[in-house]
Amino acid sequence: MSRIGKLPVAIPQGVEIKVSDKNVVTVKGKLGELTRKLDTAITVKVEGTEAIVSRATDQKRHRALHGLYRALLANMVKGVSQGYKLEQELVGVGYRAANKGQLLELTLGYSHNVAFDLPKEIKVTTAQEKGQNPKIVLESADNELLGLVASKIRSLRKPEPYKGKGIKFSNEILRRKAGKAAGK
């Protein structure tokens, strides 16, 4: 049995889980509503304040999906009750970030500014404090979408290994190279 899959998902107060007959799970909470279609081999039962994920057989594929869907369901429950937040830093001279609603404008050392249109499910704020790197803060109930958007933003200017210039996550530790002067 899957160690992750056999753990029940605790449902906090104010969160409602519905499972349709077509194996579609809908999780509703104070921060929004998330929906996911499950594989036919996986079933979800809501019993009181817990949701239990089970599988049809002990096939290798079903065992793999068991833990996956339990983790996805737990992320959905946490997302609609507490939400997710990601911080990114822009490291480099002249790098700036500003947002106008759902449009994120980035100055990343290119000959032009980069405009990045964010989905409506994501809330963005930018901060520029004196002596600090500019920050981008992304918040959403959907962890999967939040990670996807954050990685797309990071891919606009990945941190380079010599000076560390680029867009990085605030908790990310970069491996730095010594450069050619270190050999002498």
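The values are calculated or read from the model by the stated rules, or taken from the named source; none is laboratory data. Since this is a predicted model, take the numbers as computed values, not measurements. Cβ sites come from the backbone with ideal geometry, for glycine too, and all protein chains shown count toward neighbours. In case anyone asks, the SASA skips ligands and DNA or RNA and just uses the protein heavy atoms, side chains included. Shrake-Rupley method; radii C 1.70, N 1.55, O 1.52, S 1.80 Å.
Brief remarks on what is shown
- If you go through region 20-42 and keep only what is of a type in the set (Val, Ile, Thr), in contact with a strand residue (DSSP E or B) (Cβ under 7 Å, 6 or more places away or on another chain) and open to solvent by 60 Å² or more (accessible area, probe 1.4 Å), you end up with just THR35.
- When region 136-181 is limited to residues that are modelled with pLDDT of 95 or more, under 23 Å from TYR110 (Cβ atoms) and out of contact with any strand residue (DSSP E or B) (no Cβ under 9 Å at 6 or more places or on another chain), the one that is most open to solvent (accessible area, probe 1.4 Å) turns out to be LEU148.
- Residue in region 57-73 that is crowded, with 16+ Cβ neighbours inside 10 Å, closer than 21 Å to ILE136 by Cβ, of a type in the set (Phe, Trp, Tyr) and out of contact with any His (no Cβ under 7 Å at 6 or more places or on another chain) present: no
- Qualifying residue in region 86-95 (condition: touching a helix residue (DSSP H, G or I) at 6+ places or on another chain (Cβ under 9 Å) and modelled with pLDDT of 95 or more): yes
- Check on GLY14, within 17 Å of the chain's Cα centre (by Cα), in contact (Cβ under 8 Å) with a residue 60 or more places away in the chain, surrounded by fewer than 16 Cβ atoms within 10 Å (Cβ to Cβ) and on the phi > 0 side of the Ramachandran plot: no
- A search for C-beta distances below 8 Å between a residue of region 120-132 that is under 28 Å from ASP142 (Cα atoms) and any residue that is among the small types (Gly, Ala, Ser) and open to solvent by 40 Å² or more (accessible area, probe 1.4 Å), counting only pairs 6+ apart in sequence or on different chains, returns THR126/ALA98.
- Of the set (1) open to solvent by less than 60 Å² (accessible area, probe 1.4 Å); (2) under 15 Å from GLU144 (Cβ atoms); (3) part of a helix (DSSP H, G or I); (4) of a type outside the set (Gly, Ala, Ser), all apply to LEU86 but (3).
- Selection from region 125-170 of residues that are touching a helix residue (DSSP H, G or I) at 6+ places or on another chain (Cβ under 9 Å) and either of a type in the set (Gly, Ala, Ser) or not in a loop (DSSP other than H, G, I, E, B) (or both): ILE136, LEU138, GLU139, SER140, ALA141, ASN143, GLU144, LEU146, GLY166, ILE167, LYS168, PHE169
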